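Let me begin by presenting the structure, written as structure tokens, before commenting on it.
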Amino acid sequence: MRTIAFVSQKGGCGKTTLATCLAVAAKEAGEHVFILDLDCQKSAVRWGSKRHDPHLLVEAVPSARLPAALTALSKRNMSLVIVDTPHLDSPRTLAAIKAADLCIVPARPATFDIWAAEVTGRKLKLMGKEFVFLLNQCPPLREASRVQKGLAALEVVGSLLRPHIAARVGFLEAARTGKGVTEVDPKGTAAQEMRDLWMDLSRRLRPIQTCG
Ligand SMILES: Nc1ncnc2c1ncn2[C@@H]1O[C@H](COP(=O)(O)OP(=O)(O)OP(=O)(O)O)[C@@H](O)[C@H]1O
Ligand SMILES: [Mg+2]
């Protein structure tokens, strides 16, 4: 079982959106996925309650119970646990970082967001944690230089998952209906990007040795 945590000190960068959509894409690829929601906002839990999917459950868990919850999930033969978190400096997020095999730091390609992601990445590095950045809500092609600048700044600190995720209406629809973008419009570009993202992530997870 591998555990990934979406973390960022910046709110609204897409942690919950990406955690839920990636969970669906991973499930479609054959993973046994469980989402743990450590955020008091409980957006992922609410998404899960709209979904009613016995094969993709979402549960809120207090940080003190996270290690026990992960042990229990590995005994239930889960292959992937995705942890959604609040902002970086909360004890809940620190618990998620400690438990994760890999942390994903989403960032919008805008200056303040990139600065915040750099800080998050540096903190994870100091903690000795494996992490990757993920550009989210990227603008249309004509603004490619903005994405390029964000990318270059983040690559100084760590590596980036591919592809970068564009801003698309399908993500809003997915949140509203308790779906993943791969279910909202399976043949659409957002769906393909999410499947490709899972491919890149699963390649990176493969060498990570975990118990359970
Ligand atoms: N790729 C995308 N395209 C369009 N909208 C997006 C995308 N990613 C996220 N959003 C929207 O941006 C907003 C913030 O996303 P989300 O709630 O997932 O961020 P978050 O990091 O979990 O926020 P918080 O820190 O408050 O938990 C939401 O309205 C979401 O629907
Ligand atoms: Mg959230």
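Multiplying the residue separation of Ala167 and Ser79 by 0.36 nm and subtracting their alpha-carbon distance yields 28.8 nm. For Arg46, what charge total do you get from the other residues with a beta carbon under 14 Å from its beta carbon, if Lys and Arg give +1 and Asp and Glu give -1? My count for the surroundings of Arg46 gives 0.
Fully extending the segment from Asp53 to Arg122, taken as 0.36 nm per residue of separation minus the present Cα-Cα distance, adds 21.2 nm.
Label reach from Lys187 (point 7 Å along Cα→C-beta): in the range 10-32, no amide nitrogen lies under 15 Å.
Each Lys or Arg adds one and each Asp or Glu subtracts one; over the other residues with Cβ under 13 Å from the Cβ of Arg2, this totals 0.
Accessible surface for the chain, divided over its residues, is 47 Å² per residue with a 1.4 Å probe. Within the shell defined by Cβ-Cβ distances under 15 Å, the residues around Arg176 carry a net charge of +2, with Lys and Arg each +1 and Asp and Glu each -1. Over the chain, dividing the summed -39,500 (n - 2.57) contributions of all DSSP H runs of at least 4 residues by the number of residues returns a 222 nm mean residue ellipticity of -14500 deg cm²/dmol. Here the alpha carbons of the range 1-114 define both size measures, Rg and Dmax, at 13.2, 43 Å. In the chain, a dipole from Cβ-located charges (positive for Lys and Arg, negative for Asp and Glu) runs towards its positive end, and of Ala190, Thr20, Pro62 it is Pro62 whose Cα lies farthest in that direction.
For the chain, the Kirkwood estimate of hydrodynamic radius, built from reciprocal distances between every pair of different alpha carbons, is 16.9 Å.
For the options Leu197, Leu154, Leu172, a Gaussian network treatment of the chain with springs between C-alpha atoms closer than 10 Å singles out Leu172 as fluctuating the most. Modelled spin-label separation between Asp196 and Thr71, with each label point placed 7 Å from Cα along the Cα-to-Cβ direction: 4.2 nm.
Cross-link partners of Lys149 among aspartates and glutamates, defined as those whose alpha carbon lies under 20 angstrom from its own and excluding same-chain residues fewer than eight positions apart: Asp113, Glu118. Measuring against 26 Å, Cα to Cα, the residue pairs Lys125/Lys179; Lys27/Lys187; Lys27/Lys50; Lys15/Lys125 contain Lys125/Lys179 as the ones spanning a longer distance. The portion of the accessible surface of the chain made up by carbon and sulfur, rounded to a whole percent, is 56 (1.4 Å probe; DNA, RNA and ligands excluded). Between Ala100, Ala174, Ala68, the GNM of the chain built on Cα springs shorter than 10 angstrom shows Ala68 fluctuating the most.
Each of Gly178, Cys138, Leu160 was placed along the dipole of the range 137-198 (beta-carbon charges, centred on the mean Cα), and the one lying farthest toward the positive end is Cys138.
The label-point distance for Leu141 and Arg206, in a model that sets each label 7 Å from Cα toward Cβ, rounds to 3.1 nm.
The values are calculated or read from the model by the stated rules, or taken from the named source; none is laboratory data. Note that the structure is a prediction, hence the values are computed from the model and not measured. Methodologically, a virtual Cβ is constructed for each residue, glycine included, from the backbone with ideal geometry; neighbour enumeration extends over all protein chains shown. We work out accessible area using only protein heavy atoms, side chains counted, and drop any ligands, DNA or RNA first. Shrake-Rupley method; radii C 1.70, N 1.55, O 1.52, S 1.80 Å.
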